[in-house]
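Report on the following structure.
The values are calculated or read from the model by the stated rules, or taken from the named source; none is laboratory data. Because the structure is a prediction, the values reported are computed rather than measured. All Cβ positions, glycine included, derive from the backbone under ideal geometry; neighbour counts span all protein chains shown. Just so you know, the surface numbers come from the protein's heavy atoms only, side chains and all, with ligands and any DNA or RNA stripped out. Shrake-Rupley method; radii C 1.70, N 1.55, O 1.52, S 1.80 Å.
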Amino acid sequence: STANDTQLRNFTVDGAAKATMTGVNIQNRGIAYKVRAVNCTTTGLNSANTADQWVQCSTAACGTGVNGPGRFIACEVPTSTTRGFDDNSTAATYERCISYANTGGTNDGFMMQAVWSGCWNCVAYGNGRDGFRSQAGGSVCVNCISEANGGWGYNMVASPMNLFLCAAFNNTSGASSLTNNTGLNVGFVTGTATFFTSGGGGDFSLNTTSGGGALARAAGIPGAYPSAATTGYLDIGAAQHADPTDTDRAAALVNGGLVR
């Protein structure tokens, strides 16, 4: 799509594992909603503009899952062979995105090569190298979880990388490569058990295990706002836990808005 402000919604592209195949390419302030690319050997979803927006999009069995700048909300990338999410050296933001089971010794869950790229409430699980890898100064991760990756949970290759209330468990090289003088690391949560209901099965909802998911529930930023008059209880990670069911509200929804 080369036109401005194109909208793409509700379809799947299958590259059939043909050579040098890209599934979907948006170039100028495009918006993609529930678009999926599979079996695309080069790139599943390619974004070329920082104003491009991708909402609930996904890939599977592609080379690089998501490539390029823009804003990505609740997107999911498993089983890539080159990289999960890669900003390709132009700033991108990832919100509630999940990158997992991306294979290969240089395959990262999230690769941030541009200054000021960032991840909010994202999950990196079981990737070949690092969960979150920063190769440019100023990248940020907030409320993210990195678990069971083949390298670092959070690897700062270039200075600085900043972590705020992030969590890690069972990453081969360790939780984080940051040191005190090379980036902020505030409120880091170190797990002693898996955070997830079934990471290997693709279910990244938080469990209630002590030392695991229980540590991440209602533990993220914002917490207390600066005035101390308001407090929020956001979970660390992409999926938020459910409160007990409000039976009156459930009845209202079932009965077309009328509580009986």
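Checking the conditions here, which among R133, R83, R71, R129 is more than 11 Å from the chain's Cα centre (by Cα) and closer than 22 Å to I31 by Cα? Working first, answer last.
Working: R133 fails: closer than 22 Å to I31 by Cα; R83 fails: closer than 22 Å to I31 by Cα; R129 fails: closer than 22 Å to I31 by Cα.
After applying the criteria, what remains is R71.
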Collect the residues in segment 46-65 that are surrounded by fewer than 23 Cβ atoms within 10 Å (Cβ to Cβ) and part of a loop (DSSP other than H, G, I, E, B), keeping them in residue-number order. A48, N49, T50, A51, Q56, A61, G63
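Touching a residue at least 24 places away in the same chain (Cβ under 8 Å) and in a loop (DSSP other than H, G, I, E, B): is that true of A219 in this structure?
It is true that A219 is touching a residue at least 24 places away in the same chain (Cβ under 8 Å) and in a loop (DSSP other than H, G, I, E, B).
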So which residues in segment 46-61 are more than 17 Å from the chain's Cα centre (by Cα) and closer than 14 Å to V77 by Cβ, if there are any at all? A61
Considering segment 74-112 alone, what residues qualify as being hydroxyl-bearing (S, T, Y) and either over 15 Å from Y154 (Cα atoms) or in a strand (DSSP E or B) (or both)? T79, S80, T81, T82, S89, T90, T93, Y94, S99, Y100, T103
Need the failing condition index for A91 against (1) open to solvent by 10 Å² or more (accessible area, probe 1.4 Å); (2) in contact with a Gly (Cβ under 7 Å, 6 or more places away or on another chain); (3) more than 20 Å from F11 (Cβ to Cβ), just the number. (2)
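Scan segment 16-32 for residues that are assigned to a loop (DSSP other than H, G, I, E, B) and either in contact with a Leu (Cβ under 8 Å, 6 or more places away or on another chain) or without any contact (Cβ under 8 Å) to a residue 24 or more places away in the chain (or both) and jot them down. Outline the logic, then answer.
Kept after step one, since they are assigned to a loop (DSSP other than H, G, I, E, B), are these residues of segment 16-32: 16-21, 27-30.
Result: A16, K18, A19, T20, M21, G30.
Report yes if T43 is surrounded by 21 or more Cβ atoms within 10 Å (Cβ to Cβ), among the hydroxyl-bearing types (S, T, Y), over 17 Å from the mean Cα position of the chain (by Cα) and modelled with pLDDT of 95 or more, otherwise no.
Yes: the conditions hold for T43.
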Filter result for S134 (in contact with a Gly (Cβ under 6 Å, 6 or more places away or on another chain) and buried (at least 24 other Cβ atoms within 10 Å of the Cβ)): no
Kindly indicate whether A214 is in a helix (DSSP H, G or I), at pLDDT 90 or above and over 19 Å from the mean Cα position of the chain (by Cα). yes
Touching a residue at least 24 places away in the same chain (Cβ under 8 Å), touching a strand residue (DSSP E or B) at 6+ places or on another chain (Cβ under 7 Å), of a type in the set (F, W, Y) and open to solvent by less than 10 Å² (accessible area, probe 1.4 Å): is that true of Y154 in this structure? yes
